[in-house]
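Engineer: Below is a structure I'd like to ask you about.
The values are calculated or read from the model by the stated rules, or taken from the named source; none is laboratory data. Remember, predicted model here, so these are calculated numbers, not experimental data. All Cβ positions, glycine included, derive from the backbone under ideal geometry; neighbour counts span all protein chains shown. With ligands, DNA and RNA removed, areas are computed over all heavy atoms of the protein, side chains included. Shrake-Rupley method; radii C 1.70, N 1.55, O 1.52, S 1.80 Å.
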Amino acid sequence: MSSAIKSGLYWSSTPAAAYIKSALCLFVLAFAVGCSLPPSRVRVPEVPTGQLSQTGIASWYGPGFHGKATASGDVYDQNDLTAAHQTLPLGTRVMVTNLENGRSAEVMINDRGPFAKGRIIDLSHSAAQSLDMVGPGTALVRIDVINSPVKIQTIRPALDYTLQLGSFARLENAQQLRDRLAQSFGDVVIAPLQSKDATYYRVQLGKFSNRSDAEQRAQQVSQAGYSVIIMEQ
């Protein structure tokens, strides 16, 4: 009798038995592959035409910062629906959607961050609760800009910084400060700012691609006896 013993099972050499054996192997392979696939993403509404959007990893921050000042000057309240973003103008309102469960929350950007590599937004504790991501700590999200205090064409990957040492209604005063600064520091310019009723002449120094460089330069200028403010550009 022609037969074979494999894995404790008796396999006949008939074509029918061979077919059953092949089908069983395919079933086991498909089951193994299926188990290795990541969980499916939920369906979310598409971004309306012309609306700014950004997709990436969100995190959240809470108790350690509760009651402290944010970049906007507001006091951080972990129970408010707010968030920190690296470049969106402070005061911008965005809709944040958790792409892993479909939950969303509207938040206001009032702080800067996150500074961990690969993350695009830091949510308040309350906002993280709304998105059901407090436990995991992070989640894949989409940010849709609802409105902003200033017109923006794109969501920038990073901000530039400059040092501002004065702002004057009279150009002559700005020129005098610029000339004094130029004796000790380079790259001093006058940047006019047109408001509704007047023009202001701002004396600014340098351009920096990261805030730490701006802070180091600001310390040097401050030690020379000048008042200085780090400004976002």
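Engineer: If you scan segment 132-144, which residues turn out to be assigned to a strand (DSSP E or B) and either in contact with a Phe, Trp or Tyr (Cβ under 7 Å, 6 or more places away or on another chain) or open to solvent by less than 20 Å² (accessible area, probe 1.4 Å) (or both)?
Structural biologist: Scanning segment 132-144 gives Ala139, Val141, Ile143, Asp144.
Engineer: Go over the candidates Gln129, Gln194, Gln204, Gln175 one by one and state the one that is within 25 Å of Ile57 (Cα to Cα) and either surrounded by 17 or more Cβ atoms within 10 Å (Cβ to Cβ) or polar (S, T, N, Q) (or both).
Structural biologist: Gln129
Engineer: Can you tell me which residue in segment 80-89 is nearest to Ala58 (Cα to Cα), limited to those that are modelled with pLDDT of 95 or more and open to solvent by 50 Å² or more (accessible area, probe 1.4 Å)?
Structural biologist: Leu81
Engineer: Moving on to the next point. It is to be established whether one or more residues within segment 180-189 are in a helix (DSSP H, G or I), out of contact with any strand residue (DSSP E or B) (no Cβ under 8 Å at 6 or more places or on another chain) and over 23 Å from Ala158 (Cα atoms). Walk me through how you get there before you give the answer.
Structural biologist: Residues of segment 180-189 in a helix (DSSP H, G or I): 180-182.
Adding the requirement that they be out of contact with any strand residue (DSSP E or B) (no Cβ under 8 Å at 6 or more places or on another chain) leaves 180.
From what's left, over 23 Å from Ala158 (Cα atoms): 180.
Within segment 180-189, one or more residues are in a helix (DSSP H, G or I), out of contact with any strand residue (DSSP E or B) (no Cβ under 8 Å at 6 or more places or on another chain) and over 23 Å from Ala158 (Cα atoms).
Engineer: Checking the conditions here, which among Ile152, Ile109 is within 20 Å of Val47 (Cβ to Cβ) and at pLDDT 95 or above?
Structural biologist: Numbers: Ile152 fails: at pLDDT 95 or above.
Residue meeting the stated conditions: Ile109.
Engineer: If you check Gln54 against the conditions, is it modelled with pLDDT of 85 or more, part of a loop (DSSP other than H, G, I, E, B) and under 28 Å from Ser148 (Cβ atoms)?
Structural biologist: no
Engineer: Then there's this: Would you mention how many residues in segment 152-169 are under 27 Å from Lys117 (Cα atoms), of a type outside the set (Val, Ile, Thr) and in a loop (DSSP other than H, G, I, E, B)?
Structural biologist: Number satisfying all stated conditions: 6.
Engineer: Here's another thing I want to ask about it. Assuming Tyr226 fulfils every condition listed in (1) in contact (Cβ under 8 Å) with a residue 40 or more places away in the chain; (2) closer than 30 Å to Leu52 by Cα apart from one, which condition is it?
Structural biologist: Unmet condition: (2).
Engineer: When Glu106 is evaluated against the numbered criteria (1) in contact with a strand residue (DSSP E or B) (Cβ under 6 Å, 6 or more places away or on another chain); (2) part of a loop (DSSP other than H, G, I, E, B); (3) surrounded by fewer than 17 Cβ atoms within 10 Å (Cβ to Cβ), which criterion, by number, is the only one it fails?
Structural biologist: Answer for Glu106: the failing condition is (2).
Engineer: Can we say Glu172 is in a strand (DSSP E or B) and among the acidic types (Asp, Glu)?
Structural biologist: no
Engineer: Name the single residue, out of those in segment 207-232 being within 13 Å of Leu165 (Cβ to Cβ) and assigned to a loop (DSSP other than H, G, I, E, B), that is most open to solvent (accessible area, probe 1.4 Å).
Structural biologist: Ser227
Engineer: Of all residues in segment 161-202 being over 25 Å from Gln219 (Cβ atoms) and of a type in the set (D, E, K, R), which is nearest to the chain's Cα centre (by Cα)?
Structural biologist: My answer is Lys196.
Engineer: If I go through segment 145-172 residue by residue, how many of them are under 23 Å from Thr82 (Cβ atoms) and surrounded by fewer than 20 Cβ atoms within 10 Å (Cβ to Cβ)?
Structural biologist: Filtering segment 145-172 down to residues under 23 Å from Thr82 (Cβ atoms) leaves 145-152, 154-159, 161.
If we keep only those that are surrounded by fewer than 20 Cβ atoms within 10 Å (Cβ to Cβ) too, we end up with 145-152, 154-159.
Result for segment 145-172: 14.
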